[in-house]
Ligand code: GLP
(Lines give C-alpha, C1' and ligand atoms only; values in the text may rest on other atoms or scores of the structure.)
Protein backbone atom coordinates (compact mmCIF):
# COMPACT_ATOMS: atom_id res chain seq x y z
CA UNK A 1 0.00 0.00 0.00
CA UNK A 2 1.21 3.48 -0.85
CA UNK A 3 0.72 5.85 2.07
CA UNK A 4 0.59 9.64 1.85
CA UNK A 5 0.21 11.96 4.84
CA UNK A 6 -1.12 15.41 4.04
CA UNK A 7 -1.18 18.65 6.00
CA UNK A 8 -4.82 19.58 5.56
CA UNK A 9 -8.18 18.33 4.30
CA UNK A 10 -7.77 20.77 1.40
CA UNK A 11 -4.51 19.11 0.35
CA UNK A 12 -6.17 15.70 0.68
CA UNK A 13 -9.02 16.88 -1.54
CA UNK A 14 -6.61 18.17 -4.18
CA UNK A 15 -4.48 15.01 -4.24
CA UNK A 16 -7.53 12.75 -4.36
CA UNK A 17 -9.10 14.89 -7.10
CA UNK A 18 -5.82 14.69 -9.06
CA UNK A 19 -5.98 10.89 -8.91
CA UNK A 20 -9.57 10.86 -10.00
CA UNK A 21 -8.81 13.29 -12.82
CA UNK A 22 -5.92 11.08 -13.96
CA UNK A 23 -8.25 8.07 -13.99
CA UNK A 24 -10.81 9.99 -16.07
CA UNK A 25 -8.12 11.29 -18.43
CA UNK A 26 -6.97 7.71 -18.95
CA UNK A 27 -10.52 6.44 -19.37
CA UNK A 28 -13.32 9.05 -19.58
CA UNK A 29 -16.02 6.40 -19.12
CA UNK A 30 -14.45 5.02 -15.95
CA UNK A 31 -16.55 3.27 -13.34
CA UNK A 32 -16.03 4.99 -9.99
CA UNK A 33 -16.89 3.59 -6.58
CA UNK A 34 -17.90 6.34 -4.17
CA UNK A 35 -18.17 6.68 -0.38
CA UNK A 36 -20.23 8.96 1.85
CA UNK A 37 -19.49 10.40 5.29
CA UNK A 38 -17.75 13.62 6.32
CA UNK A 39 -14.33 12.62 5.00
CA UNK A 40 -15.01 12.90 1.24
CA UNK A 41 -16.93 16.19 1.47
CA UNK A 42 -13.89 18.36 0.70
CA UNK A 43 -13.06 16.11 -2.25
CA UNK A 44 -16.60 16.38 -3.61
CA UNK A 45 -16.41 20.18 -3.32
CA UNK A 46 -13.10 20.10 -5.22
CA UNK A 47 -14.56 17.85 -7.93
CA UNK A 48 -17.56 20.15 -8.37
CA UNK A 49 -15.22 23.16 -8.59
CA UNK A 50 -13.06 21.46 -11.25
CA UNK A 51 -16.11 20.24 -13.18
CA UNK A 52 -17.57 23.78 -13.28
CA UNK A 53 -14.25 25.21 -14.47
CA UNK A 54 -13.96 22.57 -17.17
CA UNK A 55 -10.86 21.05 -15.55
CA UNK A 56 -12.56 17.68 -15.13
CA UNK A 57 -15.21 15.80 -17.05
CA UNK A 58 -17.42 13.54 -14.99
CA UNK A 59 -20.11 13.39 -17.66
CA UNK A 60 -19.11 9.99 -19.06
CA UNK A 61 -18.25 8.35 -15.74
CA UNK A 62 -20.52 5.77 -14.15
CA UNK A 63 -20.67 5.69 -10.36
CA UNK A 64 -21.66 3.07 -7.81
CA UNK A 65 -21.89 4.02 -4.15
CA UNK A 66 -20.60 1.73 -1.47
CA UNK A 67 -23.71 1.47 0.62
CA UNK A 68 -27.16 2.70 1.60
CA UNK A 69 -29.27 2.51 4.75
CA UNK A 70 -32.18 0.11 4.65
CA UNK A 71 -35.52 1.84 4.95
CA UNK A 72 -34.37 5.28 3.74
CA UNK A 73 -35.56 6.42 0.31
CA UNK A 74 -33.62 8.85 -1.88
CA UNK A 75 -35.63 11.82 -0.59
CA UNK A 76 -34.89 11.09 3.05
CA UNK A 77 -32.39 13.78 4.12
CA UNK A 78 -30.01 11.29 5.75
CA UNK A 79 -30.08 8.68 2.99
CA UNK A 80 -26.83 8.32 1.11
CA UNK A 81 -28.73 8.88 -2.15
CA UNK A 82 -29.75 12.31 -0.85
CA UNK A 83 -26.19 13.05 0.34
CA UNK A 84 -24.73 12.17 -3.07
CA UNK A 85 -27.27 14.24 -4.98
CA UNK A 86 -26.65 17.21 -2.72
CA UNK A 87 -22.86 17.09 -2.53
CA UNK A 88 -21.82 15.77 -5.93
CA UNK A 89 -24.34 14.57 -8.50
CA UNK A 90 -26.52 17.69 -8.75
CA UNK A 91 -23.83 20.37 -8.43
CA UNK A 92 -21.55 18.52 -10.87
CA UNK A 93 -24.46 18.11 -13.30
CA UNK A 94 -24.13 14.33 -13.45
CA UNK A 95 -26.71 12.29 -15.35
CA UNK A 96 -28.80 10.29 -12.86
CA UNK A 97 -28.83 7.33 -15.25
CA UNK A 98 -25.11 6.92 -14.60
CA UNK A 99 -25.13 7.28 -10.82
CA UNK A 100 -26.10 4.25 -8.78
CA UNK A 101 -26.81 3.42 -5.17
CA UNK A 102 -28.53 0.41 -3.66
CA UNK A 103 -32.26 1.07 -3.23
CA UNK A 104 -32.79 1.23 0.53
CA UNK A 105 -36.54 0.85 0.12
CA UNK A 106 -36.54 -2.19 -2.19
CA UNK A 107 -39.31 -4.65 -1.29
CA UNK A 108 -36.75 -7.47 -1.24
CA UNK A 109 -33.44 -6.03 0.04
CA UNK A 110 -31.56 -9.30 -0.48
CA UNK A 111 -32.59 -9.39 -4.14
CA UNK A 112 -31.65 -5.70 -4.40
CA UNK A 113 -28.16 -6.48 -3.08
CA UNK A 114 -27.74 -9.21 -5.69
CA UNK A 115 -29.05 -6.91 -8.43
CA UNK A 116 -26.55 -4.21 -7.38
CA UNK A 117 -23.60 -6.61 -7.43
CA UNK A 118 -24.68 -7.81 -10.89
CA UNK A 119 -25.02 -4.22 -12.11
CA UNK A 120 -21.41 -3.48 -11.09
CA UNK A 121 -20.26 -6.59 -12.92
CA UNK A 122 -22.31 -5.67 -16.00
CA UNK A 123 -20.68 -2.22 -16.01
CA UNK A 124 -17.29 -3.93 -16.27
CA UNK A 125 -16.31 -3.65 -12.60
CA UNK A 126 -15.04 -0.65 -10.66
CA UNK A 127 -11.94 1.10 -12.00
CA UNK A 128 -11.29 3.34 -9.00
CA UNK A 129 -12.90 2.76 -5.62
CA UNK A 130 -12.76 5.59 -3.08
CA UNK A 131 -13.11 4.53 0.54
CA UNK A 132 -13.45 5.98 4.00
CA UNK A 133 -12.94 4.00 7.18
CA UNK A 134 -15.15 3.64 10.25
CA UNK A 135 -13.77 4.11 13.77
CA UNK A 136 -14.08 0.34 14.17
CA UNK A 137 -12.19 -0.31 10.92
CA UNK A 138 -15.22 -0.92 8.72
CA UNK A 139 -15.15 -0.25 4.99
CA UNK A 140 -18.49 0.48 3.37
CA UNK A 141 -20.72 -1.06 6.00
CA UNK A 142 -18.61 -4.21 6.34
CA UNK A 143 -18.50 -4.35 10.11
CA UNK A 144 -15.85 -6.26 12.11
CA UNK A 145 -16.43 -9.97 11.58
CA UNK A 146 -17.57 -9.56 7.96
CA UNK A 147 -16.26 -12.43 5.86
CA UNK A 148 -13.33 -11.37 3.72
CA UNK A 149 -14.97 -13.11 0.75
CA UNK A 150 -18.30 -11.32 1.25
CA UNK A 151 -20.33 -9.91 -1.63
CA UNK A 152 -22.89 -7.12 -1.74
CA UNK A 153 -25.50 -7.95 0.88
CA UNK A 154 -27.78 -6.82 3.67
CA UNK A 155 -25.90 -6.23 6.94
CA UNK A 156 -26.79 -5.31 10.48
CA UNK A 157 -24.97 -2.22 11.74
CA UNK A 158 -23.10 -2.54 15.00
CA UNK A 159 -23.64 -0.25 17.97
CA UNK A 160 -20.33 1.61 17.42
CA UNK A 161 -21.31 2.53 13.86
CA UNK A 162 -24.85 3.55 14.77
CA UNK A 163 -23.55 5.73 17.54
CA UNK A 164 -20.80 7.28 15.32
CA UNK A 165 -23.36 8.03 12.59
CA UNK A 166 -26.05 9.33 14.97
CA UNK A 167 -24.69 12.86 14.46
CA UNK A 168 -26.11 12.88 10.91
CA UNK A 169 -29.65 12.18 12.10
CA UNK A 170 -32.04 14.77 13.49
CA UNK A 171 -32.38 14.81 17.26
CA UNK A 172 -34.44 11.86 18.42
CA UNK A 173 -34.16 9.93 15.15
CA UNK A 174 -32.15 6.73 15.49
CA UNK A 175 -29.96 5.57 12.60
CA UNK A 176 -31.34 2.51 10.77
CA UNK A 177 -30.31 -0.88 12.06
CA UNK A 178 -29.49 -2.37 8.64
CA UNK A 179 -27.89 -1.39 5.36
CA UNK A 180 -26.92 -2.77 1.98
CA UNK A 181 -23.17 -2.68 1.42
CA UNK A 182 -20.70 -3.74 -1.22
CA UNK A 183 -18.95 -6.84 0.07
CA UNK A 184 -15.28 -6.96 1.00
CA UNK A 185 -14.51 -9.19 -1.99
CA UNK A 186 -16.46 -6.80 -4.23
CA UNK A 187 -14.40 -3.86 -2.98
CA UNK A 188 -11.13 -5.76 -3.48
CA UNK A 189 -12.08 -6.45 -7.10
CA UNK A 190 -11.84 -2.74 -7.93
CA UNK A 191 -8.77 -2.14 -10.08
CA UNK A 192 -7.52 0.70 -7.88
CA UNK A 193 -8.38 1.75 -4.34
CA UNK A 194 -8.05 5.14 -2.70
CA UNK A 195 -8.59 5.28 1.06
CA UNK A 196 -9.14 8.68 2.69
CA UNK A 197 -9.09 9.28 6.45
CA UNK A 198 -8.94 12.34 8.67
CA UNK A 199 -8.96 12.97 12.41
CA UNK A 200 -7.61 11.31 15.52
CA UNK A 201 -10.74 9.19 16.01
CA UNK A 202 -9.54 7.02 13.11
CA UNK A 203 -5.92 6.68 14.30
CA UNK A 204 -6.23 3.36 16.15
CA UNK A 205 -8.24 1.73 13.37
CA UNK A 206 -5.72 2.94 10.80
CA UNK A 207 -2.76 1.54 12.68
CA UNK A 208 -4.48 -1.85 12.80
CA UNK A 209 -5.61 -1.56 9.18
CA UNK A 210 -2.27 -0.53 7.71
CA UNK A 211 0.22 -2.18 10.06
CA UNK A 212 -1.61 -5.00 11.79
CA UNK A 213 -2.40 -8.52 10.64
CA UNK A 214 -5.06 -9.02 7.98
CA UNK A 215 -8.17 -10.09 9.81
CA UNK A 216 -11.95 -10.10 9.44
CA UNK A 217 -12.00 -8.45 12.87
CA UNK A 218 -10.66 -5.28 11.25
CA UNK A 219 -12.12 -5.24 7.72
CA UNK A 220 -9.93 -2.40 6.40
CA UNK A 221 -6.82 -4.54 7.06
CA UNK A 222 -7.73 -6.49 3.92
CA UNK A 223 -6.71 -3.45 1.86
CA UNK A 224 -3.09 -4.55 2.45
CA UNK A 225 -3.81 -7.37 0.00
CA UNK A 226 -4.75 -5.07 -2.84
CA UNK A 227 -2.01 -4.54 -5.43
CA UNK A 228 -2.96 -0.91 -6.16
CA UNK A 229 -4.14 0.76 -2.98
CA UNK A 230 -3.24 4.32 -1.99
CA UNK A 231 -4.12 5.71 1.46
CA UNK A 232 -4.19 9.46 2.04
CA UNK A 233 -4.34 10.43 5.73
CA UNK A 234 -4.09 13.71 7.57
CA UNK A 235 -1.54 14.01 10.39
CA UNK A 236 -4.16 13.40 13.12
CA UNK A 237 -5.34 10.15 11.50
CA UNK A 238 -1.72 9.01 11.15
CA UNK A 239 -0.64 9.60 14.78
CA UNK A 240 -0.68 5.92 15.79
CA UNK A 241 1.42 4.71 12.84
CA UNK A 242 5.05 3.99 13.60
CA UNK A 243 7.31 7.06 13.28
CA UNK A 244 9.40 5.75 10.37
CA UNK A 245 6.29 5.06 8.32
CA UNK A 246 4.93 8.51 9.13
CA UNK A 247 8.17 10.17 8.11
CA UNK A 248 8.33 8.33 4.78
CA UNK A 249 4.69 9.07 4.04
CA UNK A 250 5.18 12.81 4.73
CA UNK A 251 8.09 12.93 2.30
CA UNK A 252 5.89 11.24 -0.22
CA UNK A 253 3.27 13.98 0.18
CA UNK A 254 5.77 16.81 -0.22
CA UNK A 255 7.24 15.18 -3.31
CA UNK A 256 3.79 14.89 -4.80
CA UNK A 257 2.70 18.43 -4.02
CA UNK A 258 5.86 19.91 -5.50
CA UNK A 259 5.60 17.83 -8.67
C1 GLP B 1 -20.15 5.37 7.20
C2 GLP B 1 -20.02 4.81 5.80
C3 GLP B 1 -18.58 4.50 5.47
C4 GLP B 1 -17.69 5.67 5.84
C5 GLP B 1 -17.77 5.90 7.32
C6 GLP B 1 -16.86 7.00 7.81
O7 GLP B 1 -20.28 4.40 8.18
N8 GLP B 1 -20.80 3.65 5.60
O9 GLP B 1 -18.48 4.18 4.10
O10 GLP B 1 -16.37 5.40 5.45
O11 GLP B 1 -19.11 6.24 7.61
O12 GLP B 1 -17.52 8.22 7.78
P13 GLP B 1 -16.85 9.61 8.10
O14 GLP B 1 -16.09 9.98 6.88
O15 GLP B 1 -18.01 10.54 8.36
O16 GLP B 1 -15.98 9.42 9.29
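The values are calculated or read from the model by the stated rules, or taken from the named source; none is laboratory data. Everything numeric in this text was worked out from a predicted model, so none of it was measured. Cβ sites come from the backbone with ideal geometry, for glycine too, and all protein chains shown count toward neighbours.
A few notes on this one:
- Here residue 193 fulfils each of the conditions (1) more than 28 Å from residue 115 (Cα to Cα); (2) surrounded by fewer than 24 Cβ atoms within 10 Å (Cβ to Cβ) apart from (1).
- Unmet requirement for residue 242, which otherwise passes all of (1) over 28 Å from residue 22 (Cβ atoms); (2) touching a residue at least 40 places away in the same chain (Cβ under 8 Å): (2)
- Note on segment 1-55: residues that are at pLDDT 95 or above and in a loop (DSSP other than H, G, I, E, B) amount to 12.
- Test result for residue 237, within 15 Å of the ligand (Cβ to nearest atom), touching a strand residue (DSSP E or B) at 6+ places or on another chain (Cβ under 7 Å) and more than 30 Å from residue 119 (Cα to Cα): yes
- Filtered residues of segment 235-249 (kept if in a loop (DSSP other than H, G, I, E, B) and surrounded by 13 or more Cβ atoms within 10 Å (Cβ to Cβ)): 235, 236, 237, 238, 239, 240, 241
- Unique residue being part of a helix (DSSP H, G or I), over 23 Å from residue 14 (Cβ atoms) and modelled with pLDDT under 95 when the list is 207, 166: 166
- Test: residue in segment 89-99 that is over 20 Å from the mean Cα position of the chain (by Cα) and on the phi > 0 side of the Ramachandran plot: yes
- Every residue from segment 137-163 that is more than 8 Å from residue 219 (Cβ to Cβ), touching a residue at least 60 places away in the same chain (Cβ under 8 Å) and either near the ligand (Cβ under 10 Å from one of its atoms) or assigned to a strand (DSSP E or B) (or both): 140, 141, 154
- Residue 133 vs. criteria under 19 Å from the mean Cα position of the chain (by Cα), within 19 Å of residue 153 (Cβ to Cβ) and buried (at least 20 other Cβ atoms within 10 Å of the Cβ): no
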